[in-house]
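Coordinate-derived values only; no laboratory data. Since this is a predicted model, take the numbers as computed values, not measurements. So basically every Cβ, Gly included, is an ideal-geometry build from the backbone, and we count neighbours across all protein chains shown.
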Amino acid sequence: MQSFKKNFLWGGATAANQFEGAWNEDGKGISIPDLCTNGSHKESKRLTTHLEKNTLYPSHEAIDFYHHYKEDIALFAEMGFTTFRFSIAWTRIYPTGLEVTPNKKGLDFYDRVIDECRKYHIEPIITISHYEMPYALVEKYNGWAGRQCIDSFYYYCQTLFDYFKDKVTYWLTFNEINSGTMPMGNLLSLGVVKGYEGSIMDIPDDPQTRYQALHHQLLASAQVVALAHEQYPQFKMGNMICFIPMYPYSCNPSDILKAQKEMQMTNWFCSDIQVRGTYPSYAAHYFEENNIHIQMEEGDKESLKKGCVDFYTFSYYMSTCVSADPKHQTTGGNLFSGVKNPYLKSSDWGWQIDSEGLRYVLNAIYDRYGIPLMVVENGLGAYDTINQDGEIDDIYRIKYLKAHIEQMKKAVEDGVDLIGYTPWGCIDLVSASTGEMAKRYGFIFVEKYDDGTGSLARRKKRSFNWYKQVIESNGNNLEIND
Ligand code: BG6
């Protein structure tokens with residue numbers, strides 16, 4: 001039986017705006033998340049157009065990785081990480097996205113972080129844009145709705161590639177680029193929020209503008225992949241998709257068909273372009289039905305064709321169901337909600353837990369593309385408490401991760417070329433959807449709370465030693481010891 005490869009990459013994943021803090025230090029500019037207030041499971045966060053007094057903006061301090069990176073990376077190394085996925089904040093390098101000269105202090109910070117990783121033989125995997133863009137580009141172009149963003153992004157990537165060419169091999173262009181197929185993508189990844197103030201749930205959505213913006217982002221991704229292939233052949237360029245399998249609720253053919261259609265536009269559309277280099281035929285039909293007209297310029301199709309990725313990465317947290325019958329009860333989820341699956345339990349945030357779905361998804365993706373895969377996010381957002389002995393017994397998280405790693409192993413046995421696993425929020429960080437600290441994913445607890453207080457001290461959770469044992473055994477020892 002095949003098991004995880006000898007050089008399988010084990011690690012964890014984070015994003016700049018959710019854990020770095022230091023939002024305005026050393027020349028950093030304002031990015032969209034810097035204008036997002038905190039929220040909760042019950043009350044959504046707000047986007048503001050300027051900084052309000054007496055309002056908590058969780059990204060501003062987050063867990064202050066900016067000043068704790070040495071301590072944090074040492075803890076990752078103690079767990080045995082062989083990789084660490086993190087993102088670069090565009091605004092640390094180009095504060096408005098429009099400068100000609102990069103901010104040296106920003107580049108130096110990531111240089112130090114990468115060196116620290118390398119010291120422990122931890123392979124960096126860099127997400128170039130993870131749910132943040134300079135707010136100045138929102139004000140000037142309405143985010144990615146403006147084609148000009150392609151040039152700004154290309155320029156930013158040229159800087160990164162040139163600066164880090166000898167130290168970084170793995171690059172992911174845009175985090176969860178397929179969020180742009182959903183209304184929430186206006187805020188998270190596309191920045192189509194010019195002038196908007198208010199609850200993030202009420203952001204106006206114009207599918208025409210959104211898909212045009214996504215086209216620009218897909219082009220930008222392809223152009224920098226092509227740049228890497230031409231000038232830095234040692235790089236490995238990946239995409240990143242939020243994959244949420246959508247099961248037909250029943251064997252009623254109407255459910256099956258509806259699920260297939262929704263899977264196409266939600267889960268497959270972006271990667272069909274990023275891996276195969278062309279818009280899929282089903283998209284033309286969807287655009288026609290929804291009166292969407294993508295404006296393509298001369299050369300766009302060639303650009304997409306020239307920028308196909310080398311490996312495919314995705315986040316996996318949950319699955320959902322699809323029914324042609326509108327009366328079914330819905331449940332919450334990452335980026336969108338769906339029909340409740342009676343066979344699955346949900347997290348405290350309503351995300352349906354489905355470890356077998358991960359095996360299903362790995363097989364489906366590999367069957368379709370046949371290129372190496374990496375699970376770059378997975379995990380359980382849960383309430384953790386420190387007990388009287390000062391310990392955090394997160395057995396529920398261990399069980400979640402164990403079940404998912406078991407299914408990854410089965411997928412490898414099925415023949416899937418899986419090259420790495422970086423569970424989300426390996427150290428507690430700010431939740432992207434709610435802005436909470438209470439929704440924790442980490443192996444490392446950070447004393448930081450929803451009201452902005454906390455010493456920022458780090459403590460190992462029970463899952464810390466468990467994951468260490470998993471890595472030490474290359475995924476063969478998943479036993480839970482007392
Ligand atoms: C993914 C994002 O969708 O899910 C992360 O890439 C995010 O940025 C993660 O944090 C978990 O979502 P949440 O809302 O629980 O933080």
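Have a look at the DSSP beta bridges in the chain and tell me what percent are antiparallel, nearest 5.
30
Which three extents, in whole angstrom, do the alpha-carbon atoms of region 49-164 cover along their principal axes, largest first?
Answer, in whole Å and largest first: 44, 40, 22 Å.
Which loop trypsin sites (Lys or Arg not before Pro) in region 1-48, with loop taken from DSSP, have no more than 15 other Cβ atoms within 10 angstrom of their Cβ?
Here the sparse-neighbourhood loop sites are Lys5, Lys6, Lys42.
Counting other Cβ atoms within 10 Å of each Cβ, which trypsin sites (Lys or Arg not before Pro) in region 188-258 have at most 14 and sit in a DSSP loop?
none
First obtain the Kirkwood hydrodynamic radius of region 1-66 from its Cα pairs, then insert it into the Stokes-Einstein equation at 25 °C and 0.890 mPa s, and state the resulting D in µm² per second as a whole number.
For these conditions, the coefficient is 173 µm²/s.
Provide the three semi-axes, in whole Å and in decreasing order, of the ellipsoid equivalent to the chain as defined by the square roots of 5 times the Cα gyration tensor eigenvalues.
Equivalent ellipsoid of the chain: 29, 28, 24 Å, largest first.
Charges on Cβ only, +1 for Lys and Arg, -1 for Asp and Glu, centred on the Cα centroid of the chain; of Tyr141, Gly370, Tyr69, which one is farthest towards the dipole's positive end?
In the chain, that residue is Gly370.
Placing +1 on the Cβ of each Lys and Arg and -1 on the Cβ of each Asp and Glu in the chain, which of Tyr156, Tyr317, Val193 has its Cα farthest towards the positive end of the resulting dipole?
Tyr317
State to the nearest 20 debye the size of the charge dipole of the chain about its Cα centre, where the only charges are +1 on K and R beta carbons and -1 on D and E beta carbons.
On the way: 47 positive and 61 negative charges, 112 e Å.
Dipole of the chain, to the nearest 20 debye: 540 debye.
Per the helix-only calculation at 222 nm, which mean residue ellipticity applies to the chain, given -39500 (n - 2.57) for every DSSP H run of n ≥ 4 and division by its residues, nearest 500 deg cm²/dmol?
Taking each H run of at least 4 residues, the total per residue is -11000 deg cm²/dmol.
Taking the Cα centre of region 133-193 as origin and charging only Cβ (+1 Lys, Arg; -1 Asp, Glu), how large is the dipole, in debye to the nearest 20?
Dipole of region 133-193, to the nearest 20 debye: 40 debye.
Ranking Tyr369, Tyr247 by Cβ neighbours within 10 Å, fewest first, what do you get?
Result, fewest neighbours first: Tyr369, Tyr247.
What residue among Phe4, Thr266, Trp23 has its Cα farthest toward the positive end of the dipole of the chain, where the charges are +1 on Lys, Arg and -1 on Asp, Glu, each on the Cβ?
Going by the charge dipole, the pick is Phe4.
I need Thr434, Thr209, Thr330, Thr127 ordered by Cβ neighbour count within 10 Å, fewest first.
Ranked by crowding around the Cβ, least crowded first: Thr330, Thr209, Thr434, Thr127.
Kirkwood Rh, region 281-397, all Cα pairs: how many Å?
18.2
Test of understanding: express the Cα radius of gyration of region 176-320 as a ratio to 2.2 N^0.38 Å, with N the residue count.
That ratio works out to 1.11.
Using only the C-alpha atoms of region 358-421, find the volume of their convex hull and express it per residue in Å³.
Numbers: hull volume 5.4 nm³, N = 64.
That works out to 85 Å³ per residue.
What are the aspartates and glutamates whose alpha-carbon lies under 14 Å from the alpha-carbon of Lys399, with same-chain residues fewer than 8 places away excluded?
Straight-distance partners of Lys399: Asp354, Glu356, Glu479, Asp482.
Along the Cα→Cβ direction, 7 angstrom out, place labels at Glu302 and Gln469. What is the inter-label distance in nm?
5.8
Arranged from highest to lowest average of other beta-carbon atoms within 10 Å per residue, in what order do the peptides 439-446, 459-466, 386-393 appear?
Packing order, densest peptide first, comes out as 439-446, 459-466, 386-393.
Where Lys and Arg each count +1 and Asp and Glu each count -1, what net charge lies around Leu56 among other residues with Cβ under 9 Å from its Cβ? Working shown, then result.
On the way: positive: none; negative: Asp450, Asp451.
In short, -2.
Listed here are the pairs Lys261/Lys409; Lys6/Lys167; Lys402/Lys460; Lys6/Lys236; Lys28/Lys468; which of them are more than 27 Å apart at the Cα?
Long pairs (Cα-Cα over 27 Å): Lys261/Lys409; Lys28/Lys468.
Among Cys308, Cys426, Cys251, Cys242, rank each residue by its count of other Cβ atoms within 10 Å, from fewest to most, as a rough exposure measure.
Fewest-to-most ranking of Cys308, Cys426, Cys251, Cys242: Cys251, Cys308, Cys242, Cys426.
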